[in-house]
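*Asks:* Sharing a structure below in structure tokens format, with a few things to ask.
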Amino acid sequence: MSSTRRDLLRTIPALVGAAAGGRWLPRALAQTAMPGPRFRMTSGAAAAGLDFVLRNSAAGRKYQVETLPGGLGVIDFDSDGWPDLFCTNGASLPSLVKTGPQYWNRLYKNNRDGTFSDVTAKAGLQGEGYCMGVAVGDYNNDGHEDLFVAGVHANHLYRNNGDGAFTDVTREAGLSGPGSLGRPAWSVGACWIDYDNDGRLDLFISNYCDWEPGTDPICGGMQDAARAYCHPDRYRAQSMQLYHNNGDGTFSEITRKQGLPDLLGKGMGLALADFAGDGRPGIFVANDNARNLLLRNVGKGFTEIGMDAGVAYNGDGRNISGMGADFGDIDGDGRPDIVMTGLKNETYEVFLNQGRGTFEDGSVRTGLLNLSRRWSGWGCGLVDLDNDGWLDLFVAGGGLDVEDAHSNRIFLNHGGHFEDVTDAMGSDFSRPALHRGVVFADFDQDGRMDAAVTALNGPIELWWNRSPQGNPVHHWLQLRLTGRKSNRSAIGAEVRCHAGGCLQLHTVSGSMGYGSTSDLTVHFGLGEAARAELEIRWPSGRLQALGGVASDQRLNLTEPAD
């Protein structure tokens with residue numbers, strides 16, 4: 001869509017445009033008004049015992065890596081059914097060495113009473129190097145969730161021993177070294193995906209750019225006070241990488257075999273879903289000032305279709321500073337759409353799924369174009385915060401440097417159209433910072449999705465989802481899936497929920513936003529519906545149906561044997 005066309009559409013009320021287009025009219029008719037939010041996000045990190053501070057070692061030199069750390073991971077490391085929290089951290093510069101506890105990665109155990117305990121040392125997860133993102137999944141199918149940590153010039157795979165401790169198995173797993181790149185990689189994020197459907201999780205890594213300590217160009221000015229972080233165009237991009245799980249605890253890089261060396265793009269946020277509706281989940285890669293990538297799963301590898309699918313550029317045909325990304329059905333048509341964040345004046349982007357692997361620009365139609373223009377966003381997630389059956393958008397706000405701090409933002413979804421309700425969340429929520437990663441989980445298991453957010457050189461934020469007095473909680477349903485023939489984490493499973501005359505869908509992945517992995521538990525808001533009908537398509541292809549499922553409960557479901 002041309003810029004002229006987008007400017008014209010900005011003057012048309014988005015709800016009218018949606019009704020005229022007919023894309024989400026059937027569900028939108030059920031909610032024509034825009035009532036105030038039925039929830040509040042309440043700050044609770046300090047009281048909960050979360051004392052993590054994300055440190056990037058910035059001291060005026062403007063090393064490019066300083067702007068990018070902050071990924072988080074939700075992991076049930078002790079298999080007690082409650083979501084725990086893992087935080088990645090930076091290191092000293094230019095050495096890229098964690099010179100003290102202030103740079104440790106951190107693991108916090110959920111005490112199941114609204115508090116957390118730091119168990120990092122016991123778990124052996126202090127980490128090494130300058131860390132960025134995290135991926136959570138049971139790669140060896142032993143029933144314990146493992147951690148992959150992406151970083152600058154070194155990634156690490158931590159195997160969960162099942163006794164509260166982890167073992168660094170990076171070298172023996174075949175994941176050390178630069179692989180096909182031939183040079184140390186600056187990895188920002190990663191996601192687990194069983195691309196060949198053999199029941200074992202493979203690994204996709206999003207790499208950023210070719211960088212060495214002390215080689216940053218001088219940008220902004222020669223004086224220290226005038227120094228600025230350089231534009232990404234001053235650095236060469238690095239290729240994405242794909243590793244196949246051999247089933248014996250090791251991985252083999254098959255990047256060249258699958259043609260991925262050509263996928264240069266300064267990769268940032270990753271999201272996973274079956275966007276083509278063919279039973280095979282693919283990957284969207286948000287790139288920083290380069291065309292976005294959309295990898296369609298063809299069974300034995302991937303084909304990049306971003307240009308043909310209509311997601312390579314924004315609605316004006318331009319690159320943006322792509323940071324975070326997520327898949328989710330925004331407009332209620334039963335197909336996963338894409339949202340991605342960027343920096344202020346670029347606007348966030350929405351790509352509405354048209355079916356068969358094609359998308360159209362939906363930033364105007366959903367109202368997000370004008371709502372996001374003033375704000376820089378990094379991590380993000382499509383999550384039903386008010387349990388009304390529509391996916392809302394939470395964005396971790398913040399620019400590149402201290403003068404460009406932003407508050408987090410919440411955009412409530414009313415029938416496929418967003419409303420910025422940030423100001424209604426209270427003064428604590430509106431506090432600006434250089435936010436980076438965000439993850440979502442029902443940390444207190446009250447049926448409402450909470451959020452944890454990191455900020456550069458600031459304390460972690462924990463936002464409890466609360467309903468004000470007199471505002472009853474909508475119904476909800478949560479599912480925890482365990483694969484049998486499929487990978488044990490059930491990553492790639494698609495769940496369809498029919499409730500209250502509406503259809504919702506959710507893909508198990510956790511990979512969303514920026515360098516982060518949210519809870520693998522599937523959460524549905526059911527609104528006023530007290531029961532739901534469920535259809536589960538497991539990665540193995542098995543179909544499972546459950547009828548008359550009562551709301552307001554968490555179900556643990558194992559893949560049927562036949």
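*Asks:* Exactly one condition in (1) assigned to a loop (DSSP other than H, G, I, E, B); (2) farther than 15 Å from residue 187 by Cα is not met by residue 225; state its number.
*Replies:* (1)
*Asks:* Moving to a separate point now. Pick from the range 466-476 the residues that are surrounded by fewer than 19 Cβ atoms within 10 Å (Cβ to Cβ) and in a loop (DSSP other than H, G, I, E, B): which of them is modelled with the lowest pLDDT?
*Replies:* The selected residue is 470.
*Asks:* For a quick check of your reading of the model, give me the residue pairs whose first member lies in the range 97-117 and is at positive phi, whose second is of a type in the set (Gly, Ala, Ser) and open to solvent by less than 40 Å² (accessible area, probe 1.4 Å), with beta-carbon atoms closer than 7 Å and at least 6 apart or on different chains.
*Replies:* Close Cβ pairs (under 7 Å, with a partner that is of a type in the set (Gly, Ala, Ser) and open to solvent by less than 40 Å² (accessible area, probe 1.4 Å)) amount to 114/48.
*Asks:* Are any residues in the range 148-183 farther than 11 Å from residue 251 by Cα, surrounded by fewer than 22 Cβ atoms within 10 Å (Cβ to Cβ) and among the hydroxyl-bearing types (Ser, Thr, Tyr), and if so, which ones?
*Replies:* Those that are farther than 11 Å from residue 251 by Cα, surrounded by fewer than 22 Cβ atoms within 10 Å (Cβ to Cβ) and among the hydroxyl-bearing types (Ser, Thr, Tyr): 167, 180.
*Asks:* So, restricting to strands (runs of 3 or more DSSP E) that lie completely within the range 343-436, which ones have at least 3 residues that are in contact (Cβ under 8 Å) with a residue 24 or more places away in the chain and under 20 Å from the mean Cα position of the chain (by Cα)?
*Replies:* 349-355, 377-383, 392-397, 409-414
*Asks:* Let me ask you something else. Give the range 500-517 a look and list any residue that's assigned to a loop (DSSP other than H, G, I, E, B), open to solvent by 20 Å² or more (accessible area, probe 1.4 Å) and in contact with a strand residue (DSSP E or B) (Cβ under 6 Å, 6 or more places away or on another chain), or say none.
*Replies:* Within the range 500-517, 500 is the sole residue that qualifies.
*Asks:* Suppose we keep only residues that are open to solvent by 40 Å² or more (accessible area, probe 1.4 Å) and small (Gly, Ala, Ser) within the range 229-258. Which one would you say is farthest from residue 352 (Cα to Cα)?
*Replies:* This residue is 247.
*Asks:* Could you please let me know if residue 116 is over 21 Å from the mean Cα position of the chain (by Cα), among the aromatic types (Phe, Trp, Tyr) and farther than 30 Å from residue 230 by Cβ?
*Replies:* yes
A quick yes/no check of all residues on (1) assigned to a strand (DSSP E or B); (2) in contact (Cβ under 8 Å) with a residue 60 or more places away in the chain; (3) farther than 30 Å from residue 562 by Cα:
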| site | (1), (2), (3) |
| --- | --- |
| 440 | yes, yes, yes |
| 454 | yes, yes, yes |
| 464 | yes, yes, yes |
| 478 | yes, yes, no |
| 486 | no, yes, no |
| 490 | no, yes, no |
| 498 | yes, no, no |
| 519 | no, yes, no |
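*Asks:* So how many residues does the range 301-329 have that are farther than 26 Å from residue 234 by Cβ and outside any helix (DSSP H, G or I)?
*Replies:* Summing the residues that are farther than 26 Å from residue 234 by Cβ and outside any helix (DSSP H, G or I) in the range 301-329 gives 10.
*Asks:* While we're here: Which members of the range 291-300 meet the condition of being in contact (Cβ under 8 Å) with a residue 40 or more places away in the chain, assigned to a loop (DSSP other than H, G, I, E, B) and in contact with a helix residue (DSSP H, G or I) (Cβ under 8 Å, 6 or more places away or on another chain)?
*Replies:* Matches in the range 291-300: 292 only.
*Asks:* Another question, then. Quick one: which residue in 143, 162, 189, 182 is of a type in the set (Gly, Ala, Ser) and closer than 16 Å to residue 267 by Cβ?
*Replies:* Unique residue meeting the criteria: 189.
*Asks:* Another one. Could you tell me which of the residues 337, 308, 386 is charged (D, E, K, R) and open to solvent by less than 10 Å² (accessible area, probe 1.4 Å)?
*Replies:* None of the others qualify; the one that does is 337.
*Asks:* Which residue, of 158, 130, 139, is under 19 Å from residue 57 (Cβ atoms), at pLDDT 95 or above and aromatic (Phe, Trp, Tyr)?
*Replies:* After applying the criteria, what remains is 130.
*Asks:* When the range 522-541 is examined, which residues are found to be open to solvent by 10 Å² or more (accessible area, probe 1.4 Å) and closer than 30 Å to residue 206 by Cβ?
*Replies:* Result: 523, 537, 539, 540, 541.
*Asks:* Residues that are surrounded by fewer than 22 Cβ atoms within 10 Å (Cβ to Cβ) and at pLDDT 50 or above, at least 2 per element: which helices (runs of 4 or more DSSP H) completely within the range 1-114 meet that?
*Replies:* Where helices (runs of 4 or more DSSP H) fall fully within the range 1-114 and carry at least 2 residues being surrounded by fewer than 22 Cβ atoms within 10 Å (Cβ to Cβ) and at pLDDT 50 or above, they are 45-48.
*Asks:* On to the next question. Just give me the residues in the range 185-219 being assigned to a loop (DSSP other than H, G, I, E, B), surrounded by 13 or more Cβ atoms within 10 Å (Cβ to Cβ) and in contact with a Phe, Trp or Tyr (Cβ under 9 Å, 6 or more places away or on another chain), in sequence order.
*Replies:* 185, 195, 200, 201, 208, 210, 211, 213, 216
*Asks:* A further question on this structure: Of all residues in the range 311-330, which are open to solvent by 20 Å² or more (accessible area, probe 1.4 Å) and within 18 Å of residue 264 (Cα to Cα)?
*Replies:* Of everything in the range 311-330, those that are open to solvent by 20 Å² or more (accessible area, probe 1.4 Å) and within 18 Å of residue 264 (Cα to Cα) turn out to be 313, 318, 319.
The values are calculated or read from the model by the stated rules, or taken from the named source; none is laboratory data. A quick note: this is a predicted structure, and the numbers were derived from the prediction, not measured. So basically every Cβ, Gly included, is an ideal-geometry build from the backbone, and we count neighbours across all protein chains shown. The protein model used for the area step is the full one, side chains on, heavy atoms only, and it has no ligands, DNA or RNA in it. Shrake-Rupley method; radii C 1.70, N 1.55, O 1.52, S 1.80 Å.
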